[in-house]
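The structure appears below as structure tokens.
The values are calculated or read from the model by the stated rules, or taken from the named source; none is laboratory data. Owing to the predicted nature of the structure, the values given are computational and were not obtained by experimental measurement. Methodologically, a virtual Cβ is constructed for each residue, glycine included, from the backbone with ideal geometry; neighbour enumeration extends over all protein chains shown. Accessible surface is based on the protein model in full, side chains and every heavy atom, while ligands, DNA and RNA are left aside. Shrake-Rupley method; radii C 1.70, N 1.55, O 1.52, S 1.80 Å.
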Amino acid sequence: SAMAAVRDVEIDPEGTFKYILVRLQRPGGGEQRDIVRGTKAAEFHNHIFEKVNPEMEKLGYECKCLGGGKIEHNSKDKKIRVFGLSTGYGKADHSVTVEILKKEYRDYEITWSDDKK
């Protein structure tokens, strides 16, 4: 399906940056899944959503931001830490984010916390 063509995770390879958890859904219900997007290029969480939303609409999905936070990605030590929250969207369910990240980064140690920094 076209939904399978959408990558679960697109995050920067290194550094600490904002991320959002986004739910994709076919209009009128049916198939849905959650994806993770994060980048240092985004000063605010909504900048990420503003980029993802039109891309997904072209593919025929409705997007809903489920919340955000920050990701600390250390590719050298193969560690990812998920924490923090988005002022605009609220805190994403980091445990869900971690499960999605684990699919992509199988050999990583991935943790989350409600810490702000």
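Here Ile20, Ile35 are screened, and the one residue that is in contact with an Asp or Glu (Cβ under 6 Å, 6 or more places away or on another chain) and buried (at least 17 other Cβ atoms within 10 Å of the Cβ) is Ile35. Sub-6 Å Cβ pairs linking a first residue in segment 3-14 that is open to solvent by less than 70 Å² (accessible area, probe 1.4 Å) to a second residue that is part of a loop (DSSP other than H, G, I, E, B), at least 6 apart or interchain, are Met3/Glu31; Asp12/Lys40, ordered by first then second residue. Here Leu101 fulfils each of the conditions (1) closer than 24 Å to Ala5 by Cα; (2) touching a Leu at 6+ places or on another chain (Cβ under 7 Å); (3) surrounded by 15 or more Cβ atoms within 10 Å (Cβ to Cβ); (4) not hydroxyl-bearing (Ser, Thr, Tyr) apart from (2). If you filter segment 85-94 down to residues that are outside any strand (DSSP E or B) and small (Gly, Ala, Ser), you find that the one that is surrounded by the most Cβ atoms within 10 Å (Cβ to Cβ) is Ala92.
Residues of segment 95-105 being part of a helix (DSSP H, G or I) and in contact (Cβ under 8 Å) with a residue 60 or more places away in the chain, which ones?
Step one: of segment 95-105, the residues part of a helix (DSSP H, G or I) are 95-104.
Answer for segment 95-105, where residues must be part of a helix (DSSP H, G or I) and in contact (Cβ under 8 Å) with a residue 60 or more places away in the chain: Val96, Thr97, Ile100, Leu101, Lys103, Glu104.
Scan segment 67-82 for residues that are under 23 Å from Asn53 (Cα atoms) and either without any contact (Cβ under 8 Å) to a residue 40 or more places away in the chain or open to solvent by 50 Å² or more (accessible area, probe 1.4 Å) (or both) and jot them down. Across segment 67-82, the qualifying residue is only Lys70.
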